Amino acid sequence: MRLTIVGCSGSFPGPDSPASCYLFEAEGFRLVVDLGNGALGALQRHIGLHEVDAICLSHLHADHCLDLCSYHVVRTYSPGGPFPRIPVYAPADAPRRLNRAYGMPDEPTLESAFDFHALTPDRRQIGPFEVTTALMNHPVETYGFRISYGGRSVAYSGDTGECAELVRLARDADVLLCEASFLDLPDLTPDLHLNGRQAAEHAAKAGADRLVLTHLVPWYDHDRILSEAATAGFTGRLELARSGAVYDLG
Ligand SMILES: [Zn+2]
Ligand SMILES: [Zn+2]
């Protein structure tokens, strides 16, 4: 499978990356995980506008879901459209929330382009991928994902504070895409986000092979986040996420 980091900017788009968006490809199937603000633009560098087969949304904060509104325009109104509905796996409130964000009338709704499925902590097949979901530690209903294909696995934290479920989800993963929003400062708000050190501690406990620090907030020094992660006892490969980075797994 191939993982492409489309967007890795935390909380809002940065100068070099849109907000959260990750593209998983296997057997010609294209699964987009999170579609934060700005992501639809950068996604077009990697695949055609209509080539998305399924979408997963970790949670309904704007920096993870808002470009689904824009993608409705693409699926509905672009030449040759409307295009077939595609599945969107998201927290149960997604249709109501995103219809309001778009400013849709009662009919037609975003459901004309998207077949919404409410996420729960479970395991399901999405195209060729086995996708395991677990609840993370964030102020709203938020899911982490473990996406597996051909004996390889990528775990993605979504947004989370310290979280034992994330360690379970990332057990022996080839790649842990873990948020590292904060600097390692005293008196951090608990149950919201991780810093680099905490991300590396989760990766070490999980035994992940490679840690990619993501959800990098533009107002912080990302090299400092990386160096703080390097002190946490994680011995695998460690790096910062970068928009456009491609990981070929297996
Ligand atoms: Zn976020
Ligand atoms: Zn969030």
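For Ser70, put the label point 7 Å out on the Cα→Cβ axis and report which residues of region 123-160 keep their amide N under 11 Å from it. The answer is none, because no backbone nitrogen lies closer than 11 Å to the label point. Model label sites at Ile47 and Asp209, defined 7 Å from Cα along the beta-carbon direction, differ in position by 2.3 nm.
Take the Cα of Asp172, step 7 Å toward its Cβ, do the same at Val246, and the gap between the two points is 3.0 nm. For the chain, the solvent-accessible area of protein heavy atoms averages 41 Å² per residue (probe radius 1.4 Å; ligands and nucleic acids excluded). Label positions at Glu162 and Glu239, each projected 7 Å from the Cα along the C-beta direction, are separated by 3.0 nm. Give the residues of region 215-239 whose amide nitrogen is closer than 20 Å to a point set 7 Å from the Cα of Leu183 in the direction of its Cβ. Counting only backbone N, you get 215-232. Taking the protein heavy atoms of region 129-169 in the context of the full set of protein chains, the accessible area attributed to carbon and sulfur is 47 percent at 1.4 Å.
The values are calculated or read from the model by the stated rules, or taken from the named source; none is laboratory data. Not measured: the values here are computed from a predicted model. Heads up, the Cβs are rebuilt from the backbone with ideal geometry, glycines too, and the neighbour counts pull from every protein chain shown. We work out accessible area using only protein heavy atoms, side chains counted, and drop any ligands, DNA or RNA first. Shrake-Rupley method; radii C 1.70, N 1.55, O 1.52, S 1.80 Å.
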